[in-house]
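In what follows, a single structure is set out as C-alpha cells and then discussed.
Nothing in this text is a laboratory measurement; each read-out follows from the coordinates by a stated rule. Here the structure is a predicted model, which means the values were calculated and not measured. In this analysis, Cβ positions are derived from the backbone assuming ideal geometry, glycine residues included, and neighbour counts consider all displayed protein chains.
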There are 2 protein chains.
Amino acid sequence: MLENVDLTRNLGDDEYKKNMKILEPELGELQRKAWELKIPIILVFEGWHASGIAESINRFILPLDPRGYYYHTINAPSPSELLKPFLWRFWTKIPVRGGVAIFDRSWYSRAVTDKYRPEKSEEELDKCLDEINYFERQLTDDKYLIIKFFLHIGKKDQKERLRKLRKNDIPLIVDEYETRCDKPDFIHEYDKYLPIIEKVLKKTSFPNAPWTIVEASDQNFASAKIITTVMEAIKDQIEIVTRIPARDTIKYLDNGSPKIPELTASVLEKVDLSKCLGPEEYKEALKDYQHRLCELQYELFRKKRPLILAFEGWDAAGKGGNIRRLVKELNPRLYRVVPTGSPNDFEKAHHYLWRFLDGIPRAGHITIYDRTWYGRVMVEKIENLCSEEEWKRAYREINEFEEILANSGAIILKFWLHIDMETQLKRFKSREEDPARSWKITPEDWRNRSKWEEYGEAVDEILRRTSTSYAPWIVVEANDKRYSRMKVLKTVVEALEKELNNNDGGS
Amino acid sequence: MLENVDLTRNLGDDEYKKNMKILEPELGELQRKAWELKIPIILVFEGWHASGIAESINRFILPLDPRGYYYHTINAPSPSELLKPFLWRFWTKIPVRGGVAIFDRSWYSRAVTDKYRPEKSEEELDKCLDEINYFERQLTDDKYLIIKFFLHIGKKDQKERLRKLRKNDIPLIVDEYETRCDKPDFIHEYDKYLPIIEKVLKKTSFPNAPWTIVEASDQNFASAKIITTVMEAIKDQIEIVTRIPARDTIKYLDNGSPKIPELTASVLEKVDLSKCLGPEEYKEALKDYQHRLCELQYELFRKKRPLILAFEGWDAAGKGGNIRRLVKELNPRLYRVVPTGSPNDFEKAHHYLWRFLDGIPRAGHITIYDRTWYGRVMVEKIENLCSEEEWKRAYREINEFEEILANSGAIILKFWLHIDMETQLKRFKSREEDPARSWKITPEDWRNRSKWEEYGEAVDEILRRTSTSYAPWIVVEANDKRYSRMKVLKTVVEALEKELNNNDGGS
C-alpha cells in the first residue's frame, strides 16, 4: 500500500490558509452535528517517526470544540497495563457516543512494538491483528466511525527530519516513564520495518475501517488531506444514520438452516435438581476446599494468571451466598467482586461490553462477576432493550471477547446456577417474610419469574452457542444450597489445580 | 498513642461467631441506610506489617453489599502517579455519596514511605501531613465520614508472624509491579519507625477524623472492634444528617470584622479597558511569543514541572480564542484543554473539587482550564447552588487545593478576562447574527449578563481572597482581543522563563 504513494505532493502556505479558512468552520459544524446525532468517532494516527503526527493532530484539533474530543497519546504500556489484555487499554478509551477519540499512535504501533519479534515467527503478531479486527468490527457494527491514517514519508526525508529534531534538542515525548530501552523500535529502522508495516496495513484494511495513506512530506498537504478525509467520512456517516432506517424495518434474515435436534435439545431440562449434600459432609469439604483455594490464589499470583469467574442464574438461585463462600478465606488484595446492574446512561452511551472492562483482573488477580455481559442475550434480548440484529451478533461478539481474554492468559469459568420454579417461589416468599431480607425482593424479580420459559430458552441458547474450550459454562444444580456451593468451589479448585500444574510440567 | 495499648485482649472463636451473627446483618442494614441517606464513608486501614490488615478487611466486607463499597489497595505509586501531586491518587478515589471506600493502607503509609527520610529533617513529612489534614478536613466539612484504624501488634508478635508468612511462602501482594527496592520500608523496622508512627498518629488525630487503635494480637478481637467502631460511627453520622437541620437555619456568623477600605475597593473598576494593540505589532509579537512558548514547553518537560493555566472571565470575553492562540504551536502530547461545564450527576455526588482532578497535569505537562473550580464562588454562590456555609469556606479550600498543587512543583497562573458591558453586548449580538456562531449564545448567557453587578462583586472577592504568591490572579484587559491575547501569552512566557531559569541558577 505504500509502494506507489506520490511523496512529492504539496500545498503552498497561501493556498493552505485559504482552504483552511473554509474547511475549519465546516469541520466544527460537522463535529457539532455528529455530537447531536450521537455518532462516536475514532481517529487513528499512525506513521513513521518524525512524519509529523503531533503537528498534524494539533492542526486538526484547533478548530474542534474541546468539550467533544478526547486525545490519547499511546506510549509503551505502564507496568499495570502490562498485566491486562493487550486491547484493554484501548478498549477502555473508546469515546462516548457523539464524542471524538483521537489516538496519537494506537493498537497498531503497539502490536508491532510489543508483539513482533524479528527473530521469531510472526504468529504472535498475526494473533494480535486478529484481535484488532474483532475489536474494530465490533465497534463499527455498533455504528462507531473509525478512520485510520498512516503518515508516510521517505527514508531520506525521515533521516533529515530526525537530524533536525536532535539538533534542536527536542525531547521525545513518548515513553516518558519508560526506562526499558531493549525493545525493537520500528519507528527508527525504516527498511527493516517497511514490509511489516505493509503487512499490518493490508491485514487490517477493511471497508468498515479502511486505512488512508497520507503523503506527509509536506505538512500542509498532509493536514489538508486529513481534514478533508475526516469531513467526508463524517458526512457519509451522518447520511447513513439519518437515512430512513429501511434496514431496521427489514426482518433480520436468519440463515434458516434446519435445526439439529441434538443441539437444540434443552440442556436445562436434563439437569438433575435432586442432587444434595448433607450438612456434615458439606462443612468438612467446605473448609478443605476454601483452604485449597486460598493456597491456589497465591499460585495464580506467582504465575501471573488472571482468573475470571462469571455467575449467572435464576433470581434467588444463590449467587450471592455462593460467591461469599468462594471468597471467605481469600486475600482481598487479590480478588474483586463486580456486581452488574442495569447500565447507567454513561455506560449506555458506549458499546455494551465497555462497562465490563473496568473489572477485568490484572494478571495474578481474580474477578468474580455477579451477573455479566450475558445480560445482552438474556434480559436485553427478552425485554427488547436491543435490536434483534444486535443480540443475534452478540453470541459471536461475546465469544470473541472471551477469546481475547483467554489469549491474555485468563482462566475463565462461567456458572449457571439452576433451580426450579417451586424452589424460587419458596425463596421469594421466605425473603419477603424476613424483614432483614425483604429488600432483596423487588417487583422486577416477580416480573422476570413470569417470563420463566423465555429465559429458559435464552439460557439454553447461550449454553449451546457460547460454551467454548477457553470459557466453558458449568450448569450448577442449585436447589440444594450446600450442593451448589460445593460444586462451584470444587470446580474452581480443580480447574485451577489442573491449569496451574500443567503449566510448568506438573511440578 | 501506642504506649498503653493492652495487647492481651482477645475473643474466643465461639463468642466471636455469636457476636458476628448479630452484628453482620446490622452492619449490612447500616450500609443500606447510609446509601439511602447519601452518606459517603471512607475507611482507612493502617498498621504494622503482618498485623492482619487484609484478613480484617476481608472479614469486614463479607457482610457488605458489593454494589456499595470500593476497595483500594495502596501500593507504591506507579510511574505515572509519581508525576502527579502526592494526594492526587487518593483524592481521585473518594467515594460517591452513599458509597464506602476502603483503603488497605493509605496516604499515611505513603507519607511515611515516600516522604520521610531518616537521614534528613522531617520537614517534607510535616508538609505532607499538613496537606493530609487539609484533605481530610475538606472532606469531613463536606459531610464525608472518615474512620481511621491503626492495627497494633507487639514487636515479638510481628517477628513470629513474619516468620510464618515466609515459611508458607506467601507472596507479598504489595508493590507487584514495583522493582525499586531501595526505599526505606517502615513496615519491617519496628523500633526505628515506632516514634515516627506515633508522631503521624498524633499530628493527624482530629475530632472530625480520629484514629482508632486496634489491639490486633488477636484477630477475633480486632475484627469485632473494627466492626463495632464502624457501626457506631455510621449511627452517629445518620443521627447528624437526619437531625432537624437547625444549623442550616441559623444565619452564618460572619466574623464581623470591619472591612478595610483598601482591601474591599473594587479591583475590576480600576482596570483600564482602553488598552489595545495594533494589528501589525500584534502579528509580529504573536509569532515571536508562540515560538518562545513552544520552546518553553520542552523546557517544562525536561524539568518535569507541571503548568496549570486557569481561565475565567465574562461570557464572550474571548477565553476560547485566547486559548487557541496559546496552544497554536504547542505539541498536543504536552498540553490539554479542559473545558468546565455544569457538573453532571455523578460529579455532583462528590466533593466539588473532585471533578477537576482528572485534568491535573503530570509533571512536565500543561493543562489549560477553560473555566475552573472558581465556579463554586461565582455561579454556585450567586445562583444558590450551594449553601452560604459552603461557599464561605470555599475560599480557604481553594487556596489549600492550589497550595497542594504548588507544593508538587506546579506553576499556576489564573487569568480573569475582563470586558465591559457594552463590549459584551456587541459581541453577543454579532454572535447571534452569525449563523456559524449563533450556537455559542444561549439564554443562560443573557441571564448571567443580567446579574453583572453580582458577578462583579463575586470576582472582586475572589481576586482579594485567592490571589496568592503560588497561584496569582492576572486581570486581563480584554476589550481589545489583540491586546488580551498578547497579554496572556506574554505573561505565561515571562513567568515560565523566570521560573525555569531560576531553578537551575539561571543557566
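Coupling constants for segment B:289-306 follow from the phi torsions by the Karplus curve (6.51 cos²θ - 1.76 cosθ + 1.60, θ = phi - 60°), and in residue order they are 6, 4, 5, 5, 5, 4, 6, 5, 4, 6, 5, 4, 5, 5, 8, 6, 9, x Hz; glycine and proline get x.
For segment A:436-449, the Karplus equation 6.51 cos²θ - 1.76 cosθ + 1.60, evaluated at θ = phi - 60°, returns couplings of 6, 10, 5, 5, 6, 9, 10, x, 4, 4, 5, 5, 4, 4 Hz by residue, with Gly and Pro reported as x.
With a ≥ b ≥ c the root eigenvalues of the C-alpha gyration tensor of segment A:275-502, is it rounded (a/c under 1.5), prolate (a/b larger than b/c) or oblate?
Details: a/c = 1.70, a/b = 1.09, b/c = 1.56.
Here segment A:275-502 falls in the oblate category.
As a check on your grasp of the helix formula, calculate [θ] at 222 nm for chain B: sum -39500 (n - 2.57) over DSSP H runs of n ≥ 4, divide by the residue count, round to the nearest 500. Intermediate values should be presented prior to the final figure.
On the way: 19 runs with 239 residues, N = 507.
Calculated from helices alone, the mean residue ellipticity at 222 nm is -15000 deg cm²/dmol.
By the rule of a C-alpha distance below 15 Å, with chain neighbours fewer than 8 residues away ignored, the aspartates and glutamates paired with A:Lys426 are A:Asp315, A:Asp434, A:Asp445, A:Asp480. With neighbour counts taken as other beta-carbon atoms within 10 Å, the residues B:Ile196, A:Ile74 rank, fewest first, as B:Ile196, A:Ile74. Modelled spin labels at B:Ile22 and A:Glu24, positioned 7 Å past Cα toward Cβ, are 7.3 nm from each other. Residues in segment A:16-32 carry Karplus couplings, in order, of 4, 4, 4, 4, 5, 4, 8, 6, 4, x, 5, 5, x, 4, 5, 4, 5 Hz; the curve used is 6.51 cos²θ - 1.76 cosθ + 1.60 with θ = phi - 60°, and Gly or Pro positions show x.
Calculated FRET efficiency, B:Glu239 to B:Leu385, Cβ-Cβ distance, R0 = 41 Å: about 0.90 to the nearest 0.05.
From the Cα gyration tensor of the protein assembly as shown, with a ≥ b ≥ c the square roots of its eigenvalues, which class applies: rounded if a/c is under 1.5, or else prolate if a/b is larger than b/c, or else oblate? It would help to have the intermediate numbers written out before the result.
Numbers: a/c = 1.60, a/b = 1.22, b/c = 1.32.
Oblate, because a/c is 1.5 or more while a/b does not exceed b/c.
Charge tally for B:Lys38 (other residues, Cβ to Cβ under 13 Å; Lys, Arg +1; Asp, Glu -1): +2.
Applying a threshold of 24 Å to the alpha-carbon distances of B:Lys414/B:Lys498; A:Lys115/A:Lys192; B:Lys287/B:Lys429 flags B:Lys287/B:Lys429 as lying beyond it. Taking 0.36 nm per residue of separation and subtracting the Cα-Cα distance, what length does fully extending A:Glu189 through A:Lys155 add? Length gained, A:Glu189 through A:Lys155: 11.3 nm. Loop-resident trypsin sites (Lys or Arg not before Pro) (DSSP state other than H, G, I, E or B) in segment A:4-38 with no more than 16 further Cβ atoms inside 10 Å of their Cβ: A:Arg9, A:Lys38. Of all beta-carbon atoms in chain B, the one sitting closest to the axis that brings chain B onto chain A gives B:Ser78, 3, with the distance in whole angstrom. A cut-off of 5 Å between modelled amide H atoms, ignoring neighbours fewer than 5 places along the same chain, links A:Gly47 with A:Leu151. Between B:Glu444 and A:Arg431, the simple label model (points 7 Å from Cα in the Cβ direction) yields a spacing of 4.1 nm. Of the GluC sites (Glu not before Pro) found in segment A:345-445, the ones in coil according to DSSP and having at most 14 other Cβ atoms within 10 Å of their Cβ are A:Glu383.
Exposure proxy shown here: for B:Thr229, B:Thr367, the number of other Cβ atoms within 10 Å sets the order, fewest to most, as B:Thr229, B:Thr367. Look at A:Asp104, A:Asp236 and count the other Cβ atoms within 10 Å of each Cβ; fewest to most, that gives A:Asp236, A:Asp104.
By the gyration tensor of its Cα atoms, with a ≥ b ≥ c the square roots of the eigenvalues, what is the shape of segment A:13-243: rounded for a/c under 1.5, prolate for a/b over b/c, or oblate? Working shown, then result.
Working: a/c = 1.73, a/b = 1.21, b/c = 1.43.
Oblate, since a/c reaches 1.5 and b/c is not below a/b.
Taking the Cβ of A:Asn208 as the centre, find all other residues whose Cβ is under 10 Å away and add up their charges (Lys, Arg: +1; Asp, Glu: -1).
Working: positive: A:Arg137; negative: A:Glu136, A:Asp141.
Once positives and negatives cancel, what remains is -1.
Listed by chain and number, the lysines whose alpha-carbon sits under 17 Å from that of A:Lys392, ignoring those within fewer than 8 places in the same chain, are A:Lys143, A:Lys251, A:Lys259, A:Lys381.
By the scheme Lys and Arg +1, Asp and Glu -1, what is the net charge of all other residues having a beta-carbon under 12 Å from that of B:Glu329? Walk me through the numbers on the way to the answer.
On the way: positive: A:Arg59, B:Lys287, B:Arg292, B:Arg324, B:Arg325, B:Lys328; negative: A:Glu55, B:Asp288, B:Glu295.
Residues close to B:Glu329 contribute a combined charge of +3.
Which trypsin sites (Lys or Arg not before Pro) does segment B:376-461 hold that lie in a coil by DSSP with at most 16 other beta carbons within 10 Å? Within segment B:376-461, the qualifying trypsin sites (Lys or Arg not before Pro) (loop, at most 16 other Cβ atoms within 10 Å) are B:Arg437, B:Lys451.
Averaged over B:331-340, how many beta carbons belonging to a partner chain fall within 10 Å of each residue's beta carbon? Let's see the in-between values first.
Details: counts 8, 15, 13, 5, 2, 3, 7, 2, 4, 1.
The mean count of partner-chain Cβ atoms within 10 Å per residue comes to 6.
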